[in-house]
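Heads up: the structure comes next, in structure tokens.
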Amino acid sequence: MKIMFMDWGAFGKESCINALENMGHTVVRFFHKDYQDRQSGEFDKAFDEFTEKEKPDIFFSFNFYPIVAESTHRNGLKYISVIYDSPLVNVFSYKILYPTNYVFLFDSALYERLKKGGINTVYYMPLASRVFYPDPNADKRLLEPIADVSFVGSLYNEEHNFYERMEEKLDPYTKGYLEAVMEAQMKVYGYSFVEEVLTKDIIEAMMKAEPYVPSPDGAQTPEYVYANYFLGRKMTQTERIRILTALAEKFNVSLFTLNKGAVIPNATNYGAVDYYNEMPYVFAGSAINLNITLRSIYSGIPLRAMDIMACGGFLMTNFQADFLRHFVPGQEFVYFESTDDLIGKTEYYLSHESQRRDIALAGQEKMKKEHSFEVRMQEIFKVVGI
């Protein structure tokens, strides 16, 4: 089968392509600079010319792009999209309704929301990862123990992020209301209520401070956008900094993040790591790998968590309901329910090395058997009927 593959810089792209080729498929890469636009005559022309020349059987992309959905529908081509970002406002585009679409969501709560809304082109499917075993001939520095606790990911503390850009223009009541909502939500894992409590008056005040213009070809609501793009990222920023600060008071904490200037007291910030060549060694070489899920992911297992287990790392994560669909807590991963719970479990597992290693190995074995790219693509193709 010939697969037309959207060639943008998605995490796991090369691993997915390698898996497809190992399965005997032919992959032809396609890219156009306007792939994120909602309309582009240049994109349409390039897409049509490419499909006429290559005659692919299906189109595949990480994340969903309305302009691709339009082009695949026009060409009678099945479009498989695997969502790994959240939030992703594109899934609320009306173009998701085209029958040529097969949109796979890793967050079961979002899947159920869209399905109940009458969208029949969406499917629930957890993410996949490349199973990795450290090379004993690699750079010895990458194989040495790195830290008691490592965190790889963004702190969302870049300058002028959405919430902070809006915050300075909010009236005192609205600001206080939103701060209270965020504090309450950060005490709860497993259920997101932020959208429900953004009243009409609060939305109007937020729109006045930082206007949001919805896309005309989508059904996304202001509540969804403000809850997830504004408040969700701010909550994640606050939560990650608080948790890492608390852990660094007691344990050796290593931080790997894009913002090299970010400071967590007592922690060491090494800056970003390369996804393919460095990150697996961080996961394999850390006693405990921490996952603190972006608050806009309601129930899903983030890619970071799958990557940690695939690399044979010990995963300590906040509770997400979808973990229980696929993994056994205490046997293949460990979850925490509060910062105090996290500190207690960190102390316990750092002092129980053999138990920690058994859990990490069991998690990696589960990834190999059930969540490799080869396994996942076979499952996806079965759903699509190809």
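The values are calculated or read from the model by the stated rules, or taken from the named source; none is laboratory data. Small disclaimer: the values here were computed from a predicted structure and weren't measured. Methodologically, a virtual Cβ is constructed for each residue, glycine included, from the backbone with ideal geometry; neighbour enumeration extends over all protein chains shown. What goes into the accessible areas is simple: the full protein's heavy atoms, side chains included, and nothing from ligands, DNA or RNA. Shrake-Rupley method; radii C 1.70, N 1.55, O 1.52, S 1.80 Å.
Going by accessible area, probe 1.4 Å, with all protein chains left in place, what is the ranking of VAL225, VAL131, largest first? Display every interim value, and only then the final one.
Details: VAL225 10, VAL131 35 Å².
Result of the area sort, largest leading: VAL131, VAL225.
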Percent relative contact order for the chain, counting Cα pairs under 8 Å at least six residues apart, stands at 18
Carbon plus sulfur, as percent of the 1.4 Å-probe accessible area of the stretch 197-344, comes to 53
Regression test value, accessible area per residue of the chain, probe 1.4 Å, units Å², expected 44
Subtracting the Cα-Cα distance of HIS352 and LYS55 from 0.36 nm times their residue separation yields 101.3 nm
Note, TYR349: beta-carbon cut-off 14 Å, +1 each Lys/Arg, -1 each Asp/Glu, net -2
For ARG356, ARG240, the accessible-area ranking with a 1.4 Å probe, largest leading, is ARG356, ARG240
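Ranking request for peptides 187-198, 283-294: highest mean number of other beta-carbon atoms within 10 Å first, then the rest in descending order.
Values: 187-198: 14.4, 283-294: 23.7.
Per-residue Cβ counts within 10 Å, averaged per peptide and sorted highest first, yield 283-294, 187-198.
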Given (1) 136; (2) 145; (3) 155 as possible values of volume of the Cα convex hull per residue in Å³, the one from the coordinates is (2)
Taking Lys and Arg as +1 and Asp and Glu as -1, residues besides ALA360 with C-beta under 14 Å from its C-beta add up to -1
Between the modelled labels at GLU21 and ASN269 (7 Å from Cα along Cα→Cβ) the distance in nm is 3.8
Probe 1.4 Å, all chains present, heavy atoms only: MET206 accessible area in Å², nearest 10, is 0
Probe 1.4 Å, all chains present, heavy atoms only: VAL263 accessible area in Å², nearest 10, is 120
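Which FRET efficiency value, to the nearest 0.05, do you get for GLU112 and TYR212 by plugging their Cβ-Cβ distance into 1/(1 + (r/R0)^6) with R0 = 22 Å?
On the way: r = 25 Å, r/R0 = 1.14.
Result of the calculation: an efficiency of 0.30.
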For the pair PHE31 and LYS368, the simple spin-label estimate (label points 7 Å beyond Cα toward Cβ) gives in nm 3.3
